[in-house]
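Report on the structure given below.
The values are calculated or read from the model by the stated rules, or taken from the named source; none is laboratory data. Just so you know, these numbers come straight off a predicted model, no measurement behind them. Every residue, glycine among them, receives a Cβ derived from its backbone with ideal geometry; neighbour counts consider all protein chains shown. SASA here: full protein model, heavy atoms, side chains in, ligands and nucleic acids out. Shrake-Rupley method; radii C 1.70, N 1.55, O 1.52, S 1.80 Å.
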Amino acid sequence: MKLFMPCLFIFVTILLAGCTEQSEVKEQQTIQKQETVKQDKAGSDLEENSTQDDEKKTKPANEMELNEDEVTWEGKWIFLSDDNLGQLLIEQVDDDTITYLLAGSRMNPVNLSSYGNSLEGTGVIKGNSIELTSSSNPDCGGSFVKNHDVITVSIPNGGCHTPQVYLEGDYKKAESIEIPPLLQIHNGNFQVFGISMGDTPSIVKGLIGNPENEGPDEEEFYEWIQTFDMNHLLISYYSNQVDSISAVVSKDQLETAISDQFNGEKYRGDSESIYLYNPENEQLLIYTPSQEDPTKVNILVTHADGNFHAGVENGWIESQG
């Protein structure tokens, strides 16, 4: 019986770190910071189906239409947590038995130290639930309850958790996640890969999976960030809500999506930046040609602050009609 000890070693040692104002300065700093860390990857621009805003707020994001029998226990499950980067690994030994590894980590926003926690053991399958037995502490048993592609983990004994890394909650099956389209516009909201301003970290994980890193920004430019290898995606948060989205994407795909969906105000800045402005919710989508690859653009979704409006009034950000 395998208890995932190699996985435990690799996963628990993951350190979460940050990468990078809602102004022209913030826009340029974000794009410059993004340029220094990106590396071209073939096939990184993805097109899939997306969810609507209300669906994301009321149930696990981008839930697939699968029959319950098609969602098996075995595999990797993503912890839908706002402040812990975690996952559940399940291996099915036979028709009635599984082994499991729960593991998570979190960065301290004050001193940037990393905390970790893990639980492992065996379980007996009883329909859509599993009774757990911990391999290290008999008092750390509990249950998994599967509802479609989400498992709810219950470990009642608080002593089995740490104050920083609490592993109870919902976990979404990784293979059920389909990446939404590059850009959609709903109710004046720019959605990049399904992600909207105001979303929480757990909603983002339900849409596109776990980030490579998550935690406070070491450079103190943002309060909290998530970074993804996919499209060099960087998401910043303020008060636990998405505050900006930046990525490197296909120029053709982006401009096609804009042509199909955007009928609002368009502006051009001094640095070849194109600004798409939604006045109903004061959102901007800014894109600038990549200096390294002419087929790519750097995009930034952010708030339209006073500097943008001053730029329009003073003429250094010009309307494109």
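Some observations on this one:
- Some residue of the range 272-280 being in a strand (DSSP E or B), in contact with a Gly (Cβ under 7 Å, 6 or more places away or on another chain) and farther than 26 Å from ILE203 by Cα: yes
- Criterion: modelled with pLDDT under 95 and not charged (D, E, K, R) - qualifying residue of GLY264, GLY209: GLY264
- Qualifying residues in the range 192-210 (those that are open to solvent by 10 Å² or more (accessible area, probe 1.4 Å) and either among the charged types (D, E, K, R) or within 10 Å of the chain's Cα centre (by Cα) (or both)) - the one nearest to SER176 (Cα to Cα): ILE208
- Selection status of TRP77, within 30 Å of GLY194 (Cα to Cα) and open to solvent by less than 10 Å² (accessible area, probe 1.4 Å): yes
- Criterion (basic (Lys, Arg) and within 29 Å of GLY194 (Cα to Cα)) met by exactly one of LYS126, LYS173: LYS173
- Number of the exception - TYR115 against (1) open to solvent by less than 30 Å² (accessible area, probe 1.4 Å); (2) in contact with a Lys or Arg (Cβ under 8 Å, 6 or more places away or on another chain): (1)
- For HIS232: the one exception among (1) buried (at least 17 other Cβ atoms within 10 Å of the Cβ); (2) in contact with a helix residue (DSSP H, G or I) (Cβ under 7 Å, 6 or more places away or on another chain); (3) farther than 30 Å from TYR115 by Cβ: (3)
- In the range 207-229, the residues that are in contact with a helix residue (DSSP H, G or I) (Cβ under 9 Å, 6 or more places away or on another chain), under 22 Å from ASN111 (Cα atoms) and hydrophobic (A, V, I, L, M, F, W, C): PHE221, TRP224
- Selection over the range 169-206 of residues that are in contact with a helix residue (DSSP H, G or I) (Cβ under 7 Å, 6 or more places away or on another chain), among the aliphatic types (A, V, I, L, M) and within 22 Å of LEU284 (Cβ to Cβ) gives a count of 5.
- Filtered residues of the range 146-173 (kept if under 24 Å from the mean Cα position of the chain (by Cα) and open to solvent by 30 Å² or more (accessible area, probe 1.4 Å)): ASN147, THR152, SER154, THR162, PRO163, GLN164, TYR166, GLU168, ASP170
- Being at pLDDT 95 or above and either in contact with a Lys or Arg (Cβ under 8 Å, 6 or more places away or on another chain) or assigned to a loop (DSSP other than H, G, I, E, B) (or both) is a condition met by at least one residue of the range 250-260.
- Pairs linking a residue in the range 165-182 that is modelled with pLDDT under 95 to a residue that is part of a loop (DSSP other than H, G, I, E, B), with Cβ atoms under 8 Å and 6 or more positions apart or on different chains, are VAL165/ASN84; TYR166/ASN84.
- Boolean, SER246 is surrounded by fewer than 20 Cβ atoms within 10 Å (Cβ to Cβ) and among the hydroxyl-bearing types (Ser, Thr, Tyr): no
- The requirement of being more than 20 Å from VAL242 (Cβ to Cβ), crowded, with 16+ Cβ neighbours inside 10 Å and not charged (D, E, K, R) is not satisfied by VAL301.
- Residues (hydrophobic (A, V, I, L, M, F, W, C), farther than 15 Å from GLU168 by Cβ, in a strand (DSSP E or B) and touching a Gly at 6+ places or on another chain (Cβ under 8 Å)) located in the range 92-130: ILE98, MET107
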